[in-house]
Amino acid sequence: MTSAAVDSKGSGDSGAVEAPLTLGEAPPKALGVLDQGALWANLGVSLIGFSSAITLINPLGDRPLSFVAAILAAVVGSVIGTAMVGLAAIPGQRTGAPAMVLLRGLFGARLSYLPTVLNIVQMLGWGVFELWVIAQGAQAIAGSFGIEVHKTVWVLVGGVITTALTIRPLGAVRLLRRYVTAGVVISMIWFMVALFQRGPAIGGGSWEAFAPSVDFVIALSVSWVPVAADFARFSRSGRAAFAGVVGGYTIAQVACLVLGIAALALVGNDQSQVWDPFVTAALGPLFFGILVLRETDQSFVNVYSTAMSLQNLMPRLDRRVISVAIGVLVTLLAIVVTDETYIVFLGLIGAVFVPLFAVLAVDYFLLGGGRRWDTSATAPSRPLMVVPWVLGFVTWWMLAALPTASEVAWWTSFWKGAREALGFVPQPWMSASVGAFLVAGLVTLGLGALRRRS
């Protein structure tokens, strides 16, 4: 009997079980609800979340939200986005397939390569941004002691830790549950008290940009949809996978964004100084150091999931070899990255993966796909399922707040032209994520009805 089989029955040494090296090996059912909850709670706390809270507050650039509106947007967006992630985890647990392999059942084996390539690009981008923000946070701590260390040094340190964690991913998850989560919880509570005791000037604003703010938070959450199955496949039950994602991530992300709003208010919404309130608080360098070190779990998950996506293309490759190569690549890219492209990048993530999730959820849960899901290398192509995905993508950009970065001016001009050609003007209350989800989901339902008739 294999170690996976022993562990799935609740016996054996689950601590010794590790993720399989190739796609052909069965995943051990080694993670319970506490493991999943700890993993996703840690992923919900992000230094990027602190700094990007400025987009939550003022997504349109000229119509900031009131404090109450911003908090409600954080809660609503987190609940919606995290529910998507939790539902995406369930098929992974049931089939034992990584996220991109799971899409073979939706599109067919060969067509699944398209979302796989997009996900590889996304995961690489996230891995780069996480190492970049780790370096920024470490520089802030060192600067509070008058120490100057070049960003490259911190990127290299973060890259080494990240790559090491990917060698034993299930061991890394158990490490988070046993040792790291408690330190993160204490740090977050400490900063919540310390920052709000300073009386941040949070006031004014309106509700006008509420929908774009919700879209932003949903995009923060839904970026993890392509990751969910990569770890849920190791869960002992679908319920544990779903509860761990929704419970752990929602609470953590809302707390993270609230702290970001408070920190920005203390520095006049100057994003370049968002770390200052943390490192200047009593014992701030210590607790902020815990959060900076913990940030490597974000980059670790991204690198590991990139390796899982590549295994959909090359199933016999050893994930350890792939992970090391990807770790080196994201480390080199993080040395030269800037933060100006982050919000544009996040918008692209939401536009791709919100409608993709809608198509997956409707086909798997509502149209009986779960009973016939084929994740084999010979799964037949289903090109019609690309149609609702593409229509959802188009809907997102017809409704979304368009990026202003000069690097993607051509992209903004294209969608402005499309709106003008149709005589369509999106209203502030319109949600790109809700619209994209509904269009993709309803078209998928329609295709399902046609399939049943034929």
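The values are calculated or read from the model by the stated rules, or taken from the named source; none is laboratory data. From a predicted model like this one, the values you see are computed outputs, not experimental measurements. Note: ideal-geometry Cβ built from the backbone for every residue, glycine included; neighbour counts use all protein chains shown. These area figures cover heavy atoms from the full protein model, side chains too; ligands, DNA and RNA do not enter into them. Shrake-Rupley method; radii C 1.70, N 1.55, O 1.52, S 1.80 Å.
To the nearest µm²/s, what D does Stokes-Einstein give for the range 254-304 at 10 °C and 1.306 mPa s, using the Kirkwood radius over alpha carbon pairs as Rh? Stokes-Einstein gives a translational diffusion coefficient of 132 µm²/s. For the pair the range 381-454 and the range 67-128, the centres of their Cα atoms are 18 angstrom apart.
Calculated on the alpha-carbon coordinates, the convex hull of the range 22-155 measures out at 195 cubic angstrom per residue. Based on the Kirkwood radius over alpha-carbon pairs, what is the Stokes-Einstein translational diffusion coefficient of the range 396-454 at 10 °C with 1.306 mPa s viscosity, in µm²/s? Translational diffusion coefficient: 119 µm²/s. Each helix, a run of at least 4 DSSP H residues, gives -39500 (n - 2.57); summed and divided by the residues of the chain, these come to -22000 deg cm²/dmol at 222 nm. Packing, as the average of other Cβ atoms within 10 Å across residues, places the peptides 353-361, 250-258 in the order 353-361, 250-258, highest first.
What is the packing order of peptides 153-165, 208-220, 78-90, taking the mean over residues of other C-beta atoms within 10 Å and listing the highest first? Please report the intermediate quantities before stating the final value.
Values: 153-165: 20.7, 208-220: 26.2, 78-90: 24.6.
Answer by packing, highest mean first, reads 208-220, 78-90, 153-165.
The local environment of Ser46, defined by Cβ-Cβ distances under 13 Å, has a net charge of -2 under the rule Lys, Arg +1 and Asp, Glu -1.
With every protein chain kept in place and ligands, DNA and RNA left out, what is the accessible area per residue of the chain? Probe 1.4 Å, answer in Å². Please report the intermediate quantities before stating the final value.
Working: 18030 Å² over 454 residues.
Heavy-atom SASA per residue in the chain reads 40 Å².
Nonpolar atom fraction for the chain, defined as the carbon and sulfur part of the 1.4 Å probe accessible area, stands at 68 percent.
In terms of its C-alpha gyration tensor, the chain comes out oblate, because a/c is 1.5 or above while a/b does not outweigh b/c.
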